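Read the structure below first, then the notes.
The values are calculated or read from the model by the stated rules, or taken from the named source; none is laboratory data. Note that the coordinates shown come from a computational prediction; the quantities given were computed from them, not determined experimentally. Reconstructed Cβ throughout: ideal geometry from the backbone, glycine too, with neighbour counts over all protein chains shown.
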Amino acid sequence: MEKNNQPLIVESDAVEICCEPRPFKGTVGALLLKMLLTILAVLIITVAITGGISRVQAQQTVFNVPTTDVLPSGKVYVELDISAKPNEPRFSSFVPRVVVGTGGNVEIGLNIIGNIQPGADATTLVPAVKWRVYNGGDNGWAIAIGNHVYIPVRNKSYNLGNHSYVMAQKTFKTKTRIGFGGGYFTKNVVAPNANRGVGQFTFEQPVTSRFGVQADWYTGKHANGYFTPGGYFKFTPKLTGYAAYSIGNANVTNGNHFFYFEMGYNIN
């Protein structure tokens with residue numbers, strides 16, 4: 001499921017629009033400490049609730065771009081995504097999400113985005129659904145279609161939004177997986193007073209049984225327009241950490257880039 005938590009710089013067809021820099025309360029060290037404490041709290045809670053270890057399930061996005069993976073029926077996956085920009089204008093963002101497999105190659109989920117510091121939150125609920133319409137098995141191909149509904153609940157700049165997409169992925173004998181697809185965001189979701197069509201691309205390469213490298217890319221000049229390379233490490237069969245660096249499609253020299261972290265946990 002997509003996470004859409006980039007609040008930095010967006011650019012419309014006619015005029016560039018950037019959030020106004022605000023003083024950042026606290027040091028970079030304080031920001032990193034807050035991130036680590038948040039991660040630790042989530043891990044303690046989830047491990048305490050769920051107990052033992054089971055087989056890890058496939059990741060449902062690379063970093064931001066959806067994959068063709070879907071959870072099996074009854075399986076539950078939780079994740080905390082953290083964005084942090086230590087250079088000016090500094091910011092941090094925390095996005096929790098949950099994904100549930102419903103059976104029939106379908107999963108549903110919920111993201112809570114818009115938790116940005118400093119400044120007023122623009123909390124938005126994002127229920128989502130993904131359907132893997134084709135699974136080629138040994139031929140390595142899979143195709144999925146999906147939809148996200150954006151429901152702003154605080155400091156609204158629009159009333160309702162949508163992102164629909166189609167994604168195809170091919171897995172090779174080397175376990176390399178590449179993906180490509182397209183999506184469409186309705187007005188104001190990722191660009192002020194504008195709709196956006198996007199290309200969606202992914203790359204994944206396991207290096208060992210516990211470590212791998214990966215990247216994804218949303219094309220275009222908008223709030224989701226980033227190339228994000230990074231990697232993952234499986235701490236346990238159920239717990240995986242991700243680290244990456246997001247680089248904007250525009251205004252990179254003006255600071256449109258930041259760190260991106262995830263902690264994902266398969267509950268059952």
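Per this entry, Gly140 is not counted among residues that are under 23 Å from Asn188 (Cβ atoms) and modelled with pLDDT of 95 or more.
Considering the stretch 240-249, and only residues there that are out of contact with any Ser or Thr (no Cβ under 6 Å at 6 or more places or on another chain) and either at pLDDT below 95 or hydroxyl-bearing (Ser, Thr, Tyr) (or both), the residue that is nearest to Trp217 (Cα to Cα) turns out to be Tyr245. Only one of the numbered conditions (1) free of Cβ contacts under 8 Å to residues at least 60 places away in the same chain; (2) closer than 24 Å to Ala223 by Cα; (3) outside any strand (DSSP E or B) is violated by Val166, and that is (3). Of the listed requirements (1) surrounded by 14 or more Cβ atoms within 10 Å (Cβ to Cβ); (2) closer than 18 Å to Asp69 by Cβ; (3) modelled with pLDDT of 95 or more, Lys187 misses just one: (2).
Scanning the stretch 97-113 for residues that are on the phi > 0 side of the Ramachandran plot and touching a Gly at 6+ places or on another chain (Cβ under 8 Å) turns up at least one hit. Restricting Thr228, Thr236, Thr176 to residues that are surrounded by 18 or more Cβ atoms within 10 Å (Cβ to Cβ), out of contact with any Leu (no Cβ under 9 Å at 6 or more places or on another chain), of a type in the set (Ser, Thr, Tyr) and touching a residue at least 12 places away in the same chain (Cβ under 8 Å) narrows the list to Thr228.
Table: residues versus (1) closer than 22 Å to Gln200 by Cα; (2) in a strand (DSSP E or B); (3) of a type in the set (Lys, Arg).
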site: Leu71; (1), (2), (3): yes, no, no
site: Ser83; (1), (2), (3): yes, yes, no
site: Thr102; (1), (2), (3): no, yes, no
site: Gly109; (1), (2), (3): yes, yes, no
site: Asp121; (1), (2), (3): no, no, no
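In this structure, is Thr202 in contact with a Gly (Cβ under 8 Å, 6 or more places away or on another chain) and under 22 Å from Tyr226 (Cα atoms)? In short, yes.
Checking Ser83, Ser73 one by one, the residue that is among the small types (Gly, Ala, Ser) and crowded, with 17+ Cβ neighbours inside 10 Å is Ser83 and no other.
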